[in-house]
Amino acid sequence: MNRRNLLIGGTAALVLAGAGGVAWRQSVGSMRAYADYARRLRAKPTPSPDIGELIRYAALAANGHNTQPWRFGIEDGGIALFPDEARRTPVVDPDDHHLFVSLGCAVETLAIAAQATGRPGEVVVEPGDGSAVRFDFSAGPARADPLFDAIPLRQSTRVDYDGRAVPPADLAALERAAAEPGVRMILVTERSRMNQLRDLVVAGNDAQMTDPAFMAELKHWLRFNPRSAIASGDGLFSACTGNPVLPAFLGGPAFDIFLTARTENDRYARQIDSSAGLAIFVADRADTGHWIRVGRACQRFALTATSLGLKHAFVNQPVEVARLRPELAERVGEAGKRPNIVMRFGYGPLMPFSPRRPAEAVIA
């Protein structure tokens, strides 16, 4: 669930873009092609979708670094979701915590889409049999659900929000949506408490950006232009964070030169200051089954926020830097527990949607 922004200042961006020559002046057309590609990815399923269509929708779920670390196995009476070991992020996620949270997000999206299109079922966590989680189909009618309508609209919006407060009724709806056995979601909207958590995010970001292994892993998943994003169908596309698109041969050097701890720390502090609140997810136990449950709760939170006109983004640095977890847990009243996810939320702009691989690429 970790996200990072490529920072290129205005003057520097112009210099680098100019070095790309005349060919790169076609970037506007490339972004139009990318917008068409993103719309096709998020087209609503037909009224009676086949399994492939349901999997395409499930793969729109939130996931770490947009690696889409899942495989879907079509089985008699259900669909099994497996970790895709080739898409692990071992530096930022050495114990696969984010990977299993991502699987939880995907299976929850699958369950919502299946119920809304007349193929209801049950999520079954089976960590001991080689698969992480299954969705078993049952009989039943289609049932309208605003979360289904929110699936193609949900995005991690990694820019400044407008600072407006969220009405109490909508905060209550977010709390209800995140209810999950074995998981607690703590909402923080008081500015003084948000400032304390902001400082932990900045401390975690500073630690990560001075780690060469972290920076190398992050760079591997960055996509600097529409063509690269469409070709890979994964990763962190710079336009999704409001940053310039660059030719591949300039993107890497720009990352090395202009992405600094100081500018990133300032950006994260500003973004949290612009948010209406923070949501922290904590599970009862640190095991794969509970991490999947966290993902399910997290996805319902994100889809409910989307249905309410809210944006969200992950700020997981104090979860990912192990030495900061105890302080984070204490700050939210969960001393002794391992925090799992930190999200900010508020009112913000619509940004380009992230890429996704086609269904056939994720079916085992």
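The values are calculated or read from the model by the stated rules, or taken from the named source; none is laboratory data. Just so you know, these numbers come straight off a predicted model, no measurement behind them. Counting neighbours? That spans all protein chains shown, and the Cβs are built from the backbone with ideal geometry, glycine included.
Look at Gly235 and say whether it is assigned by TED's automatic domain parsing to the domain that holds Val342, at pLDDT 95 or above and at positive phi. Steps first, please.
Numbers: assigned by TED's automatic domain parsing to the domain that holds Val342: yes; at pLDDT 95 or above: yes; at positive phi: yes.
So Gly235 fits the description; yes.
Applying the selection to segment 108-133, what residues are charged (D, E, K, R) and either surrounded by fewer than 19 Cβ atoms within 10 Å (Cβ to Cβ) or at pLDDT below 95 (or both)? Break it down stepwise before answering.
Narrowing segment 108-133 to residues charged (D, E, K, R): 108, 119, 122, 126, 129.
Of everything in segment 108-133, those that are charged (D, E, K, R) and either surrounded by fewer than 19 Cβ atoms within 10 Å (Cβ to Cβ) or at pLDDT below 95 (or both) turn out to be Arg119, Glu122, Glu126, Asp129.
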Residue match in segment 220-234 (condition: touching a Leu at 6+ places or on another chain (Cβ under 6 Å), under 25 Å from Val319 (Cα atoms) and either of a type in the set (A, V, I, L, M, F, W, C) or part of a helix (DSSP H, G or I) (or both)): yes
Any pair with Cβ under 8 angstrom, 6 or more apart, that starts in segment 231-248 at a residue that is farther than 18 Å from Thr67 by Cβ and ends at one that is among the aromatic types (Phe, Trp, Tyr): Ala239/Tyr34; Val245/Phe224; Leu246/Trp24; Leu246/Phe224; Pro247/Trp24; Pro247/Phe224; Ala248/Phe224
Single residue of Gly295, Gly333 found to be outside any helix (DSSP H, G or I) and either closer than 17 Å to Arg184 by Cα or over 21 Å from the mean Cα position of the chain (by Cα) (or both): Gly333
Output for segment 301-330, where each listed residue is under 23 Å from Val92 (Cα atoms), more than 14 Å from the chain's Cα centre (by Cα) and in a helix (DSSP H, G or I): Pro318, Val319, Glu320, Ala322, Arg323, Leu324, Arg325, Pro326, Glu327, Leu328, Ala329, Glu330
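Among the residues of segment 41-62 satisfying the criterion of being part of a helix (DSSP H, G or I) and touching a residue at least 60 places away in the same chain (Cβ under 8 Å), which is farthest from Ile112 (Cα to Cα)? Walk me through it before giving the result.
Taking segment 41-62 first, the residues part of a helix (DSSP H, G or I) are 41, 51-58.
When the remaining residues are screened for being touching a residue at least 60 places away in the same chain (Cβ under 8 Å), the result is 41, 52-57.
On the way: Leu41: 18, Gly52: 15, Glu53: 13, Leu54: 10, Ile55: 12, Arg56: 13, Tyr57: 10 Å.
Among those residues, the one meeting the criterion is Leu41.
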